[in-house]
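Encoded as structure tokens, the structure appears first; notes follow it.
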């Protein structure tokens, strides 16, 4: 995801110009914070940013599981783990 400052959009503005907001989020790769009554309620991100975030989350979850397995005296061969990580990263880039 981008480190740019997110655009803040009131829910009422989103309702009136949703297509334009989606286009700006997609083109700029910058998230938009949706507010309701002046408070942040949701974040809108591009599908590309969402997919990347999910792939990274999945990889981190697998790494955490691996650390737990190592601590418990379990685990898998390093080559198998690296192949699995490559598969996850390749899915993200597909």
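Largest GNM mean-square fluctuation among 34, 70, 47, using the chain with Cα springs under 10 Å: 70.
Alpha-carbon geometry of the chain: the Rg and the Dmax are 18.6, 57 Å, given in that order. Highest average first, the peptides 77-83, 16-22, 6-12 ordered by how many other beta carbon atoms sit within 10 Å of their residues are 6-12, 16-22, 77-83. Compared with the dominant Cα axis of the chain, that is its longest principal axis, helix 11-28 is turned about 50°. Each peptide in 59-66, 23-30 gets a packing score, the mean of other Cβ atoms within 10 Å over its residues, and the list from highest to lowest is 23-30, 59-66. Over the chain, Cα pairs under 8 Å with separation of 6+ residues give a relative contact order of 23 percent.
Readers should treat all values here as calculations from the given coordinates under stated rules, not as data from a laboratory. Fair warning: this is a prediction, and the values are worked out from it, not measured in the lab. In this analysis, Cβ positions are derived from the backbone assuming ideal geometry, glycine residues included, and neighbour counts consider all displayed protein chains.
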